[in-house]
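Undergrad: Okay, here's the structure, questions in a sec.
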Amino acid sequence: MKAKSFLRASSLEEAYKLVKESPRNKIVAGGLWLKKGNADVDTLIDLSLLGLDKIEDKKDYVEVGAMVSQRELEKSPLIPEVIREATKSIMGPAFREIATIGGSVYGKYGFSDIVTVLLAHHVELVFYPEAVITLDEYVKKPGFYDGILTNMRIFKDKNKAYFKKVEITALDYPILNVAVVKGKEYKVVVGSRPLVAALCENSMKYLNEGGKDFAHAAELAVEELKFGDSIATKSSYRKQLALTYVRRALEEVSK
């Protein structure tokens, strides 16, 4: 990736104006994934001066600024333990000190542990200038939202949660990840298929209507999702992993 210029924005208005001027102007966030690309960029826009690096208790939800690092998220006592543990599994501490939550979520990466575990919770995304959408809506939306992601709201819900990352080594991309939450309702999410994480709607419908056969719920999850091949493994193996870990997750949160 090559950039012609770099700007540290003094306001969201300034940053947004530049983003709208050209598709070749990019928000840099932590920059870890952007620099791996080979696209030429006119202007890299840095948001580090805009106060988006805070984690705050807002009574009904915890507000996480887009420039909060993965490392800060994993250390914050305001964040649900399962989200902290999922974040802790990503690469090493040095990587997580740089990678931002905003970049991780906005990118909708197929290998994302963070998107998987967050999708199992009630999470809203706040975009500048004026938009609030759920993470589920954002993940399902083709492409990227027309705005700057400024904050994420993690709503406080009493629940039991489970997250599993399957990987070859600690520094590998996941082969599969699974998140299940049981609160007022079940939420079942499978990610790194190697496609972006998705809610298992049929499985959730079965469980939330009183279904108790967790093996069947896992089968429903696998049947409704697409699985693909990658350098690391085949789709058939991913399906077997999903069957096993969705069932185990449901058993665990239902104890």
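The values are calculated or read from the model by the stated rules, or taken from the named source; none is laboratory data. What you see is a predicted model; the values in this text were computed from it and never measured. Here the Cβ is made from the backbone with ideal geometry for all residues, glycine too, and neighbour counts use every protein chain on show.
Undergrad: Looking at (1) at pLDDT 95 or above; (2) within 30 Å of residue 65 (Cβ to Cβ), find the lone condition where residue 183 falls short.
TA: All conditions pass for residue 183, except number (1).
Undergrad: Any chance the range 197-208 includes a residue that's part of a loop (DSSP other than H, G, I, E, B), within 19 Å of residue 107 (Cα to Cα) and either touching a residue at least 24 places away in the same chain (Cβ under 8 Å) or touching an Asp or Glu at 6+ places or on another chain (Cβ under 6 Å) (or both)?
TA: Keep residues of the range 197-208 that are part of a loop (DSSP other than H, G, I, E, B), which gives 197, 200.
This time we only want the ones that are within 19 Å of residue 107 (Cα to Cα), so: 197.
Now narrow it down to the ones that are either touching a residue at least 24 places away in the same chain (Cβ under 8 Å) or touching an Asp or Glu at 6+ places or on another chain (Cβ under 6 Å) (or both): 197.
Within the range 197-208, one or more residues are part of a loop (DSSP other than H, G, I, E, B), within 19 Å of residue 107 (Cα to Cα) and either touching a residue at least 24 places away in the same chain (Cβ under 8 Å) or touching an Asp or Glu at 6+ places or on another chain (Cβ under 6 Å) (or both).
Undergrad: Taking the range 196-210 as the search range and keeping residues that are under 19 Å from the mean Cα position of the chain (by Cα) and not acidic (Asp, Glu), which one is farthest from residue 144 (Cα to Cα)?
TA: In this case the residue turns out to be 200.
Undergrad: For the range 25-61, what are the residues that are part of a strand (DSSP E or B), modelled with pLDDT under 95 and over 20 Å from residue 146 (Cα atoms)? Show your work before the answer.
TA: Going residue by residue through the range 25-61, those that are part of a strand (DSSP E or B) are 25-27, 40-46, 55-57, 61.
Subset that is modelled with pLDDT under 95: 25-27, 40-46.
Passing the criteria: only 40.
Undergrad: Restricting to the range 130-148, and then to whatever is in a loop (DSSP other than H, G, I, E, B) and surrounded by 14 or more Cβ atoms within 10 Å (Cβ to Cβ), can you tell me which residue is modelled with the lowest pLDDT?
TA: 145
Undergrad: Right, another one. I'm trying to understand the selection: among the residues of the range 112-129, which are assigned to a loop (DSSP other than H, G, I, E, B), crowded, with 24+ Cβ neighbours inside 10 Å and not polar (S, T, N, Q)? Talk me through it step by step, then tell me what you get.
TA: We begin by selecting, within the range 112-129, every residue assigned to a loop (DSSP other than H, G, I, E, B); these are 112, 120-122, 129.
Checking which are crowded, with 24+ Cβ neighbours inside 10 Å leaves us with 112, 120.
Residue satisfying the conditions is 120 alone.
Undergrad: Right, next: Only one residue in 224, 201, 251 is touching a helix residue (DSSP H, G or I) at 6+ places or on another chain (Cβ under 9 Å), surrounded by fewer than 20 Cβ atoms within 10 Å (Cβ to Cβ), over 20 Å from residue 121 (Cα atoms) and acidic (Asp, Glu). Which one?
TA: None of the other options fit; the residue is 224.
Undergrad: Which is outside the structural domain of residue 137 (by TED's automatic domain parsing), over 24 Å from residue 237 (Cα atoms) and without any contact (Cβ under 8 Å) to a residue 12 or more places away in the chain, of 212, 184?
TA: Going through 212, 184 in turn, just one is outside the structural domain of residue 137 (by TED's automatic domain parsing), over 24 Å from residue 237 (Cα atoms) and without any contact (Cβ under 8 Å) to a residue 12 or more places away in the chain: 212.
Undergrad: Check whether at least one residue in the range 94-106 is charged (D, E, K, R) and part of a strand (DSSP E or B), and report yes or no.
TA: No, that holds for no residue.
Undergrad: Here is a follow-up. Given the structure, is residue 98 in the same structural domain as residue 146 (by TED's automatic domain parsing), under 18 Å from the mean Cα position of the chain (by Cα) and either surrounded by fewer than 19 Cβ atoms within 10 Å (Cβ to Cβ) or modelled with pLDDT of 95 or more (or both)?
TA: It is true that residue 98 is in the same structural domain as residue 146 (by TED's automatic domain parsing), under 18 Å from the mean Cα position of the chain (by Cα) and either surrounded by fewer than 19 Cβ atoms within 10 Å (Cβ to Cβ) or modelled with pLDDT of 95 or more (or both).
Undergrad: In the range 71-79, is there at least one residue being crowded, with 18+ Cβ neighbours inside 10 Å, out of contact with any Lys or Arg (no Cβ under 8 Å at 6 or more places or on another chain), in a helix (DSSP H, G or I) and not assigned by TED's automatic domain parsing to the domain that holds residue 173?
TA: Yes, because at least one residue in the range 71-79 is crowded, with 18+ Cβ neighbours inside 10 Å, out of contact with any Lys or Arg (no Cβ under 8 Å at 6 or more places or on another chain), in a helix (DSSP H, G or I) and not assigned by TED's automatic domain parsing to the domain that holds residue 173.
Undergrad: Please specify each residue of the range 221-236 satisfying the condition of being under 23 Å from the mean Cα position of the chain (by Cα) and assigned to a helix (DSSP H, G or I).
TA: 221, 222, 223, 224, 235
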